[in-house]
Amino acid sequence: MPHPNDPALRSFIDVGAASDFPIQNLPYGVFSTSASPTPRVGVAIGNAVLDLAVLESEGLLDLAAAQGVFAQASINAFMALGPKVWSQTRARISELLRHDNPELRDDAPLRARALVPMADAELHLPIAVAGYTDFYSSKEHATNVGVMFRGKDNALQPNWLHMPIAYNGRASTVVVSGTKVRRPHGQLKPPGAEVPSFAPCKRLDFELEMGVVIGQPSRIGEMLTESRAEGMIFGFVLLNDWSARDIQQWEYVPLGPFQAKAFATSISPWVVTREALEPFRVRGPKQDPTPLPYLQQAQPNNYDLELDVGLRAAQMNEAVPICRTNFKYMYWSSVQQLIHHASSGCAMNVGDLLGSGTISGPGKHQRGSLLEISWNGTEPVELASGIVRTFLEDGDSLVMRGWRQASGYRIGFGEVEGTILPAV
Ligand code: MN
């Protein structure tokens, strides 16, 4: 049987060359339809969703010991089955979708039940988020922010080159793409103000990130090796870590971000598996100084994925590109983040979400937040004639995309979108 990543594979379902979801991708999500409103697990293929709950109930997926695993409102139960089952299931779904396999192709009544047009599917949060941790692992981003707030000579804090820096965020406010985001209230103390006030955030920002979805648990006290950590990673999503910069600036000393990041974090609805991204692995930037032994990695653990961000004001028809960068620039890899996270003995859970940290690149057009793009509000961007932004305004819609073009097919993440609602 050919490997599910084989570039030569084709499906009997028509998949356009520019589609994010060819047979080589098969990302997992949770969906419902108006005709069948109970959320269940599916995979994206071209412009359709393949209903895995239907396939499983027909006995077409070999999950004897874990029946009903797809008739659920999250992929957590499936993830808990482990990497061997992830691979076998992906290979079986690939086989069922192949152009030369009649099982599903020639069974019209089954096809009618199992294939839902993407346009008819409502997409839900794909994971029950157990915990959410946000890292700060792009050297370019950390340097830009450091230069703005502490000057060129103290841009990186002394610990930054020695470990992946992070804070524990909120799982309760992780939302799926398309969910509107309410401008938060918070304590603000702008420069010059004598006392703080409680008011709507005035410096609302986005952060372009990737999210790592953890599919296997670790025990309290367990140290992770590189291969063990890698095997715990189920897949990746696009992640927008919405940020209230004015709230953040007043609250972050000494314990880091709190309410500035707690009001919403948006993720894309399709979880692209680590296995589908395997062809795009690359080495990250050279790490100097050499990390401590527990953080050293033998494998290339970065991924070459194109990322872009578009911004559309309410009165505009189309989003304007404001950032184009790549996931490969990350200084600390997801594997290193996970190893470090568990290194104190911290247990990891199925459904944990790790934000990569804002992904900026070396170029000016590669900055992954408005804080950097507008250089702390001093360099406004013109989106269209007369429409200028330093930070996000009410009605603005922010769209992030991620993909990688391979020979003959493209692996993509779809998008993560969010529109800003006015404060109440
Ligand atoms: Mn962040």
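Over the residues of region 296-404, compute the C-alpha Rg and express it relative to 2.2 N^0.38 Å.
Normalised Rg, Cα atoms only: 1.31.
How would Arg150, Arg183 line up by accessible area, probe 1.4 Å, largest first?
Arg150, Arg183
Can you give the extra length, in nm with one decimal, that the chain gains between Thr179 and Asp394 once fully stretched, where that is 0.36 nm per residue apart less the Cα-Cα distance?
On the way: separation 215, 0.36 × 215 = 77.40 nm, distance 1.44 nm.
Roughly 76.0 nm would be gained on extension.
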**Message:** If I stretch the segment between His365 and Asp120 completely, what's the gain in nm (0.36 nm per residue apart, minus their alpha carbon distance), one decimal?
**Reply:** 84.6 nm
**Request:** Quick one: which residues, 5+ away or cross-chain, put their amide H under 5 Å from the amide H of Asp352? H built at 1.01 Å from N.
**Result:** Ala130, Gly131, Ile214
**Message:** Given points 7 Å out from each Cα along the Cα-Cβ axis, report the Ser172 to Asn159 separation in nanometres with one decimal.
**Reply:** 2.6 nm
**Prompt:** Percent relative contact order of the chain, based on C-alpha pairs within less than 8 angstrom and at least six residues apart?
**Reply:** 21 percent
**Message:** What is the angle, in °, between the Cα long axis of helix 83-97 and the longest principal axis of the Cα atoms in the chain? Nearest 10 is fine, range 0 to 90.
**Reply:** 60 degrees
**Fill in**
In Å, the Kirkwood estimate of hydrodynamic radius for region 82-155 over Cα pairs equals 17.7 Å
**Message:** Full-extension gain between Leu292 and Ser344, please, as 0.36 nm times their residue separation minus the C-alpha to C-alpha distance.
**Reply:** 17.3 nm
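Leaving out ligands and nucleic acids, note down the accessible area per residue over region 322-390 with a 1.4 angstrom probe, in whole Å².
In whole numbers, region 322-390 has 31 Å² accessible per residue.
If eta is 1.306 mPa s and T is 10 °C, what Stokes-Einstein diffusion coefficient results for the chain, Kirkwood Rh from Cα pairs, in µm²/s?
The Stokes-Einstein estimate is 71 µm²/s.
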**Rg(Cα)/(2.2 N^0.38 Å) for region 1-153, N = residue count** = 1.29
**Message:** I need the fraction of alpha carbon pairs in region 179-224 separated by more than 15 Å, rounded to a whole percent.
**Reply:** 70 percent
**Prompt:** Taking only DSSP H segments of four or more residues, each worth -39500 (n - 2.57), what value at 222 nm results for the chain once the sum is divided by all its residues, to the nearest 500 deg cm²/dmol?
**Reply:** -4500 deg cm²/dmol
**Message:** Can you compute the FRET efficiency between Glu194 and Ala130 using 1/(1 + (r/R0)^6), with r the Cβ-Cβ distance and R0 = 51 Å? Round to the nearest 0.05.
**Reply:** 0.75
**Prompt:** Where the only charges are on Cβ atoms (+1 Lys, Arg; -1 Asp, Glu), what is the dipole of the chain about its Cα centre, to the nearest 20 debye?
**Reply:** 640 debye
**Request:** Wrap a convex hull around the Cα atoms of region 184-284, take a quarter of its surface area, and give that in square nanometres.
**Result:** 9.4 nm²
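The values are calculated or read from the model by the stated rules, or taken from the named source; none is laboratory data. For clarity, every value in this text was computed on a predicted model and none was experimentally measured. In this analysis, Cβ positions are derived from the backbone assuming ideal geometry, glycine residues included, and neighbour counts consider all displayed protein chains. For the accessible areas, the whole protein counts, side chains as well, though only heavy atoms, and no ligand, DNA or RNA atoms are used. Shrake-Rupley method; radii C 1.70, N 1.55, O 1.52, S 1.80 Å.
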